[in-house]
Amino acid sequence: MTGFFITFEGGEGSGKTTQIARLAASLRARGLKVTTTREPGGTPGADALRHVILSGAAKALGPDMEAILFAAARADHVDTVIRPALEGGQIVLCDRFHDSTRVYQGLGGSETALIEVLEAATIGELYPDVTILLDIDAETGLARAAERRGTAVADRFEGEDITLHADRRRAFLSIAAAEPERFIVVDATRSADEIAREIRFIVEDRLESRRLETAGRGTAASVAAGPSPL
Ligand code: TMP
């Protein structure tokens, strides 16, 4: 796999969508090939499941079945969008991925064993190269999400109790602490410009490390591996 896979995670109103757009624009301005996508969704089938899940229609099926629906959406998304883009040497920026399942369905009552089996079945070895966690306290995040939403109603997860949102923040931070190589925790309470600058700096540094690593492995290996974004 020659591309570079970056996921964005965080609570409601943490600014993932804005930051993905900003990062994509700055990478494209450097001539790099970038695919932006999101979960649940990213394919027609997964978008249909997004609607079913976020409308709350699947809630009555219970947390395990909801986790299975997220997994079905992820499997399609990985197979038809993420893996082909990475194999084509692109940089993939994905708004939420498996860490959201660990946090949201984990705290929602799904068995850890089920979540692990679904993770293995849907993503296999396709773990992100970097995960940017946009960290924000639940109160500020929910206020921002409400402002963005306007008169629309909160979705299945947004509308839940603030204590659960605070638990989710802690759960994301604890996954990040357990995987410091993969995670970069960014303070998302600052201005969008400041956050975008920090993310751009970090990502460029990681891309440069990958470029040096690939160059160190020799040109024959790089040619065999196919096109690279770097
Ligand atoms: P968002 O696209 O606005 O972030 O909405 C997606 C919602 O779905 C968000 O509340 C988090 C939730 N979610 C899960 O519960 N599990 C998952 O695996 C994913 C990807 C999202």
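What follows draws every value from the coordinates through simple rules; no lab data is involved. Quick caveat, the model's predicted, so the values are computed rather than measured. Don't worry about glycine lacking a Cβ; one is built from the backbone with ideal geometry, like all the others, and counts go over all protein chains shown.
Applying 0.36 nm per residue to the separation of D205 and A177 and subtracting their alpha-carbon distance, the gain on full extension is 8.0 nm. Loop sites only, by DSSP: take the GluC sites (Glu not before Pro) in the chain that have at most 12 other C-beta atoms within 10 Å and name the longest stretch containing none of them. No qualifying site falls inside 1-124, the longest such stretch. The chain has equivalent-ellipsoid semi-axes of 29, 21, 16 Å, by the square roots of 5 times the alpha carbon gyration tensor eigenvalues, sorted largest first. In the stretch 1-50, a dipole from Cβ-located charges (positive for Lys and Arg, negative for Asp and Glu) runs towards its positive end, and of T7, G42, A24 it is A24 whose Cα lies farthest in that direction.
Positive end of the dipole of the stretch 4-210 (Cβ unit charges, origin at the Cα centre): among G89, L173, M65, the Cα lying farthest that way belongs to G89. Between the helical axis of 63-77 and the dominant principal axis of the chain, each derived from Cα atoms, what acute angle in degrees is found, rounded to the nearest 10? Result, in degrees: 30. Residues whose amide H comes within less than 5 Å of that of V185, counting only those at least five positions distant or on another chain, are L133 (H built at 1.01 Å from N in the peptide plane).
Using only Cα atoms, find the angle between the long axis of helix 112-123 and the longest principal axis of the chain, and express it within 0 to 90 degrees, rounded to the nearest 10. Approximately 40 degrees, to the nearest 10.
Angle between the Cα long axis of helix 44-54 and the longest principal axis of the chain, 0 to 90 degrees, nearest 10? Roughly 30 degrees between the two axes. The phi torsions of the stretch 124-139, fed into the Karplus equation with coefficients 6.51, -1.76 and 1.60 and a -60° offset, translate into couplings of x, 9, 7, 7, x, 6, 9, 10, 9, 9, 8, 8, 8, 5, 4, 5 Hz, rounded to whole numbers, with Gly and Pro shown as x. Spatially, the stretch 22-96 and the stretch 142-184 are offset by 18 Å when compared through their Cα centroids.
When only the Cβ of Lys, Arg, Asp and Glu is charged (+1, +1, -1, -1), the dipole of the chain relative to its Cα centre reaches about 780 debye.
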